[in-house]
1. Got at least one residue in the stretch 46-64 being out of contact with any Asp or Glu (no Cβ under 6 Å at 6 or more places or on another chain), at pLDDT 95 or above, surrounded by fewer than 16 Cβ atoms within 10 Å (Cβ to Cβ) and of a type in the set (D, E, K, R)?
2. Would you check which residues across the stretch 12-46 are assigned to a loop (DSSP other than H, G, I, E, B) and in contact with a Leu (Cβ under 8 Å, 6 or more places away or on another chain) and list them?
3. Restricting to the stretch 302-328, and then to whatever is within 22 Å of residue 273 (Cα to Cα) and surrounded by fewer than 17 Cβ atoms within 10 Å (Cβ to Cβ), can you tell me which residue is nearest to the chain's Cα centre (by Cα)?
4. Within the stretch 213-229, can you find the residues that are under 13 Å from residue 161 (Cβ atoms) and either crowded, with 20+ Cβ neighbours inside 10 Å or not assigned by TED's automatic domain parsing to the domain that holds residue 176 (or both)?
5. Hey, any hits in the stretch 294-303 for a residue that's out of contact with any Lys or Arg (no Cβ under 9 Å at 6 or more places or on another chain) and in a loop (DSSP other than H, G, I, E, B)?
6. Please find, within the stretch 276-301, the residue that is nearest to residue 167 (Cα to Cα) out of those that are of a type in the set (A, V, I, L, M, F, W, C) and crowded, with 20+ Cβ neighbours inside 10 Å.
7. Check residue 271 against each of (1) in contact with a helix residue (DSSP H, G or I) (Cβ under 9 Å, 6 or more places away or on another chain); (2) at pLDDT below 95 and name the one condition it does not meet.
8. Before we move on, is residue 269 acidic (Asp, Glu), surrounded by fewer than 18 Cβ atoms within 10 Å (Cβ to Cβ), out of contact with any Ser or Thr (no Cβ under 7 Å at 6 or more places or on another chain) and in a helix (DSSP H, G or I)?
Amino acid sequence: MKRILRVLVVDDSAYVRKTIKQILSRSPFIEVAGTAKDGEEALDKVKELQPDVVTLDLMMPGLDGLGFLAKQMASCALPVIVVSTAGGQHDLVLKALEAGAVDFVQKPSALANETILEMSEELIEKIKMAGSIRPKRIEPAALTKTCEPVPETAIKKAAVIVIGISTGGPQGLRYLIPQLPEDFRIPIAIVLHIPSGFTEVYAAKLNELSKLKVREAKEGDALRPGLVLIAPGGRHLTFLRHADGSVAAHLDARPSNALHTPSVDVLFESAAEVFRDRVLGIVMTGMGSDGKQGAERIKAQGGRIYTEAEETCVVYGMPSAVVQAGLSDKSVPINRLAEAMREVR
């Protein structure tokens, strides 16, 4: 028998609170434990009701959604899904994801029947997925504490590093990529599970913090040293090798049956096909198992796979799937991952 998920709905609009409550009542596996009209009330309700998942508006008077996230995640992390009309304000939503929210659902500006139906299916599914995880906040001390040195890797002359990351990804990459030096010589390609339309803004923000050039991947982008490409939401990122030996990025909506678009599996499989044994694949924090199939393909071609260590993962889902399949060559905490990447020749 499936567990009933208890949800706290946070929104300053009484009408929206009522509507979301009605939407969630359609699922026999979800129960609205309570509602709150602002961040302060939400903090109190979390303590009182102990919900499994919180749906959170961002733009509220008093303590807003970002304020709630900062306080709640500092005291006790729990799955939070942003449900807001702030989709047009990409920076605000990205800040929420970086602060620990696990997902985002666009709230229609006009709650007409057809848009409510569309949102209801998405919201229910995301709540069910969020309810299966127990995110944790990684304190700064956990990222800076002394660790055992990372042994030198056996992989030599790597031509590309491919990274797959999901829940906890915005903050994870924000920590990792700026640590890489300007003279880092291996191109990097990343699949980050993030709502469609947010990748370009996120890549631009990450570029401002990094010594490497970071941008959303475009069709035909040439892979080169010092470049970090992030797959755009809604398109798979793969590689094409030209007759002159150069390699370029290719974007495609196919395969259309992939669970995620972009897909870590699709990126990893393409890297294995094009670069053979000269691939380092890294599977970082995230929910689910995207990346396991691709990791298997990389290993079959003689490449190597690193996984983020459980102690620094917000959600140890994707790395765990790879580890349990016996595909991980090395488990590395995020504070030592840049060093491990620099040791690749």
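The values are calculated or read from the model by the stated rules, or taken from the named source; none is laboratory data. Here the structure is a predicted model, which means the values were calculated and not measured. Methodologically, a virtual Cβ is constructed for each residue, glycine included, from the backbone with ideal geometry; neighbour enumeration extends over all protein chains shown.
1. yes
2. Of the residues in the stretch 12-46, the ones assigned to a loop (DSSP other than H, G, I, E, B) are 12-13, 25-29, 37-38.
Correct list: 29, 38.
3. Looking at the filtered set, the residue picked out is 325.
4. 223, 228, 229
5. At the first step, the residues of the stretch 294-303 found to be out of contact with any Lys or Arg (no Cβ under 9 Å at 6 or more places or on another chain) are 294-297, 299-300.
Okay, now just the ones that are also in a loop (DSSP other than H, G, I, E, B), so none.
No: zero hits.
6. Taking the stretch 276-301 first, the residues of a type in the set (A, V, I, L, M, F, W, C) are 279-280, 282-284, 287, 295, 298, 300.
Next cut, crowded, with 20+ Cβ neighbours inside 10 Å only: 279-280, 282-284, 287, 295, 298.
Values: 279: 24, 280: 21, 282: 15, 283: 12, 284: 9, 287: 6, 295: 19, 298: 23 Å.
Only one residue tops the list, namely 287.
7. The number of the failed condition is (2).
8. On the way: acidic (Asp, Glu): yes; surrounded by fewer than 18 Cβ atoms within 10 Å (Cβ to Cβ): no; out of contact with any Ser or Thr (no Cβ under 7 Å at 6 or more places or on another chain): yes; in a helix (DSSP H, G or I): yes.
Here the answer is no, as residue 269 does not meet what is asked.
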